[in-house]
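In what follows, a structure is listed as structure tokens, so that the remarks can point back to it.
Any read-out appearing in this document is the output of simple, stated calculations on the displayed coordinates, not a laboratory observation. Keep in mind the model is a prediction, meaning the values are calculated, not measured. Don't worry about glycine lacking a Cβ; one is built from the backbone with ideal geometry, like all the others, and counts go over all protein chains shown.
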Amino acid sequence: MDTDTDTWHITPTGGNVFADLGFEPVEAQKLKIKSELMIELSRWIKENELKQEEAAKVLKVSRPRVSDVMRGKVAKFTIDALVDMVELTGHHVNMSVS
């Protein structure tokens, strides 16, 4: 059995996988921001060992919305909505423009 072990492309740390997938630069950046916020929310839920129903109460959203966060359904959220949820966890979102 012959296994292909050639590496074709590796996204560098800090790179944007969405850009690599062919999204336009502005859309790729928005998707990256959304995914980073969703990762933070998922991490907070897991670290606090919350059930989705419990997390929903804290985040002031429905349980299905928490499920969408946990499943990484970025298209279902705006950046504003995700920032609001992160702030409700007691964490703060900082932004920099370069």
Original post:
Among residues other than Met38 whose Cβ falls under 12 Å from its Cβ, what is the net charge (Lys/Arg +1, Asp/Glu -1)?
Top reply: +4
**OP:** Calculate the dipole size of the chain relative to its Cα centre from +1 charges on Lys and Arg beta carbons and -1 charges on Asp and Glu beta carbons; express the result in debye to the nearest 20.
**Re:** 580
**OP:** Pick out, in residue order, every one of the trypsin sites (Lys or Arg not before Pro) in segment 11-98 that is DSSP loop and has at most 15 other C-beta atoms within 10 Å; say none if there are none.
**Re:** Lys51, Lys60, Arg71, Lys73
**OP:** List the DSSP H helices in the chain whose Cα atoms stretch 30 Å or more along the helix axis and whose mean Kyte-Doolittle hydropathy is at least -1.0.
**Re:** 25-47
**OP:** Jot down the radius of gyration and Dmax of the chain, Cα atoms only, both in angstrom.
**Re:** 16.3, 53
